[in-house]
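Encoded as structure tokens, the structure appears first; notes follow it.
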Amino acid sequence: MPVTATTMTTTYWTETDSLVGRLLLTAGPDGALTSLSVPGQKGGRSVQDGWRHDAGPFRAAAEQLAAYFAGELKEFRLPLRAEGTAFRERVWAALDDVPYGATTTYGEIAARIGASRPAVRAVGGAIGANPLLILRPCHRVIGSDGSLTGYAGGLERKTRLLTLEGAALAG
């Protein structure tokens, strides 16, 4: 649903430290996470006027992220609400199916959602627009040749996340 003057709601935010730097988390009034950004992220969010700083809605997220970075959690169980086009939402849902420690390719994601081969570039764009880094594991998507291509949070962070998960990396 597009945000209009009549549907605007309070955005809550907090920050937490992690293995890949300070994380900025946002959520709506229902507690569902709407974004997770890292410093310097391409297209990442930054705190806006009118947002409410409150760590309360993020307790479960902070605990699960700490367990993930400690190598103790392989699957997040958090309410997520990312809004995008129907196509982007299909791509993001496909990301949720990529298991911890595994990698997939842009072409495999396109095939999973029934997109044509020429749609691979659009799939890459949707993955790059993922507002929930780490939680929705776009870092697990690699090039068809096994190369670590594109990551809004930077390739160094992508490498650190995949290494943490024990993914086999080319090179």
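Things worth noting here:
- Computed magnitude of the charge dipole of the chain (debye, nearest 20; Cβ of K, R +1, Cβ of D, E -1): 360
- Helix 86-95 axis versus longest C-alpha principal axis of the chain: approximately 70°, rounded to the nearest ten.
- Solvent exposure of the chain amounts to 52 Å² per residue of accessible area, where only protein heavy atoms count and the probe is 1.4 Å.
- For residue 149, distant residues with modelled amide H under 5 Å away: 143
- Per-residue HN-Hα couplings for the stretch 103-109 [Karplus 6.51, -1.76, 1.60; θ = phi - 60°; Hz; x = Gly/Pro]: 10, 9, 10, 4, x, 5, 5
- Amide hydrogen neighbours beyond the local backbone of residue 33, cut-off 5 Å, H modeled: 80, 81
- Listed residues 25, 134, 110: farthest to the positive end of the dipole of the chain (Cβ charges): 110
- Fraction of accessible area attributable to carbon and sulfur, the chain (%, probe 1.4 Å): 51
- Computed on the chain, with alpha-carbon pairs under 8 angstrom and 6+ residues apart, the relative contact order is 22 percent.
- The chain gives an Rg/Rh value of 0.96, both radii derived from C-alpha positions and Rh following Kirkwood.
- Crossing angle, helix 155-164 versus the chain [Cα axis fit, 0-90 degrees, rounded to tens]: 80
- Angle in degrees between helix 59-69 and the longest Cα principal axis of the chain, rounded to the nearest 10: 30
The values are calculated or read from the model by the stated rules, or taken from the named source; none is laboratory data. Given the structure is predicted, the values throughout are model-derived calculations rather than measurements. When we count neighbours, we look across all protein chains shown, and the Cβ atoms used for this are built from the backbone with ideal geometry, even at glycine. Remember, those area values only see protein heavy atoms, side chains included, never the ligands or the DNA or RNA. Shrake-Rupley method; radii C 1.70, N 1.55, O 1.52, S 1.80 Å.
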